[in-house]
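Visitor: Just passing along the structure, written as structure tokens.
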Amino acid sequence: GAMGFTPASDSALHSAAGGSDRITLRATSVRRHDSHGALTGAFTFGAEQSLLRDATVPDEAFMDSMPRHPDWSASAGVLAQADLSLRETVHLTFGTRVQRLAAPRRETVVALLPSAGVAVVRDIGVATAKAPASFGKGIRSATPGMRLLARGQWPFVSDEALGTEEQSGTEVGVDLLLPAGALHLTRFDQLARTTSTDGLLGSISNSGWEAGASVRTGRLTFGGTAAITDSRVLSTGDAYSGELQAGDRMLGVPKHTGSLSVDWEARRWSTSWTVTRAASWINYDRLRLASAPDSLVSGGESAGSRRWLRDYWMEYPGSARLRGSFVVQLPRGMALSVTGENLTNQQLGEPDSITIVPGRAITLRLRAKF
């Protein structure tokens with residue numbers, strides 16, 4: 001986890017500046033197959049080369065470890081993918097990508113990234129049922145911003161040694177499409193690993209359920225979503241000196257999220273209202289940290305001595321936000337809209353005890369088409 005006091009990565013990111021430019025060349029060839037019978041499909045082959053220039057300039061406290069010159073990195077890959085459909089009922093997707101990540105002063109990484117998916121679609125009366133399942137793997141190298149943030153977590157890992165982040169996971173779900181609405185349910189399991197040239201820095205598992213529903217009746221549409229997420233530390237490497245341990249919940253990740261929405265659309269006007277809520281996450285009590293004894297803060301800079309930060313964890317119950325919009329169509333192609341963000345004016349309690357988030361905001365727009 002990130003360090004919980006001001007001189008760590010938080011202050012560096014708040015006072016950092018920069019930008020990035022990417023150039024990408026991509027070539028793709030698609031061959032379609034139609035047997036005029038049960039089986040149809042398409043085969044895709046492609047190659048890609050991209051070059052990224054990323055300049056992140058932190059504050060002066062980090063100048064020795066984060067140079068001002070831009071960071072260059074290159075990514076190249078080739079892919080092959082097949083999409084098959086059997087009687088428009090069973091849909092299969094499988095393929096693989098070979099990716100190469102290279103950057104000055106860092107080890108070149110070559111990875112094999114497979115992906116696969118299957119979906120079964122059936123009509124049941126007036127409804128259509130769909131059962132999809134998929135697996136995939138991805139990889140990315142550490143950008144200057146990521147390395148600056150990691151400085152607070154692994155202060156003894158050099159920029160050259162900080163390697164890649166790998167993610168792999170599965171999703172299984174069921175969708176039910178009705179004439180006047182839809183239902184969705186998805187189970188997901190994901191594994192994320194951060195590595196360095198010296199070995200594993202840490203691994204995290206993310207698993208949970210996502211559900212959604214919508215109902216239409218005339219001009220009125222109701223919708224809702226809900227998610228339960230369990231994000232936990234699986235392991236930490238020798239290079240990690242923070243307070244997180246195997247089995248801990250990841251800091252700042254809500255366990256419960258959800259939303260309710262209602263939309264009304266008339267001939268000349270429409271309105272939309274949404275309530276969202278995130279609840280039950282663990283984060284630092286930064287008000288208490290601000291008054292922590294200097295002996296703890298200074299001692300926390302040495303390896304293996306930041307366990308004291310666990311005493312400053314707290315569970316946040318969460319908060320709700322209300323968003324609303326109203327749009328009126330005016331003559332001559334003009335439209336007037338009023339949008340309100342955070343109408344409950346919730347400014348405290350997220351993501352920690354000291355941050356003040358933007359309050360209520362009302363935006364008035366007049367749009368004209370010529």
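Visitor: Can you pull the percent of the stretch 262-370's accessible area that's carbon plus sulfur, 1.4 Å probe, other chains left in place?
Guide: Numbers: 4010 of 6840 Å².
Accessible surface attributable to carbon and sulfur in the stretch 262-370 totals 59 percent.
Visitor: For residue 268 and residue 80, what does the FRET efficiency come to when R0 = 41 Å and r is the distance between their Cβ atoms, rounded to the nearest 0.05?
Guide: 0.20
Visitor: Write down the accessible area per residue of the stretch 218-370 in Å², having rolled a 1.4 Å probe over the full set of protein chains.
Guide: 59 Å²
Visitor: Sorted by accessible area with a 1.4 angstrom probe, largest first, how do 207, 29 fall? Intermediate results must be reported in sequence, preceding the final value.
Guide: Values: 207 25, 29 70 Å².
Largest accessible area first, the list is 29, 207.
Visitor: If each of residue 228 and residue 329 carries a label point 7 Å out from its Cα toward its Cβ, how far apart are those two points in nm?
Guide: Label-label distance for residue 228 and residue 329, simple model: 4.4 nm.
Visitor: Where the accessible area of the stretch 171-237 is counted over protein heavy atoms with a 1.4 Å probe, how much of it, in %, is carbon and sulfur? Each step should come with its number before you reach the end.
Guide: Working: 2160 of 3560 Å².
Carbon and sulfur: 61 percent of the exposed surface of the stretch 171-237.
Visitor: How much length would be gained if the chain were fully extended between residue 30 and residue 122, taking 0.36 nm per residue of separation minus their Cα-Cα distance, in nm to one decimal?
Guide: Stretched out fully, the residue 30 to residue 122 stretch lengthens by 30.4 nm.
Visitor: Further question on the same structure: Can you put 313, 308 in order of accessible area, largest first, using a 1.4 Å probe?
Guide: Numbers: 313 50, 308 30 Å².
Result, largest first: 313, 308.
The values are calculated or read from the model by the stated rules, or taken from the named source; none is laboratory data. Treat the numbers as computed from the prediction; the structure is a model and nothing was measured. Ideal geometry is used to build each Cβ from the backbone, glycine not excepted, and the neighbour counts take in all protein chains shown. Ligands, DNA and RNA are stripped out before the accessible areas are found, and what is left, the full protein with its side chains, is counted by its heavy atoms. Shrake-Rupley method; radii C 1.70, N 1.55, O 1.52, S 1.80 Å.
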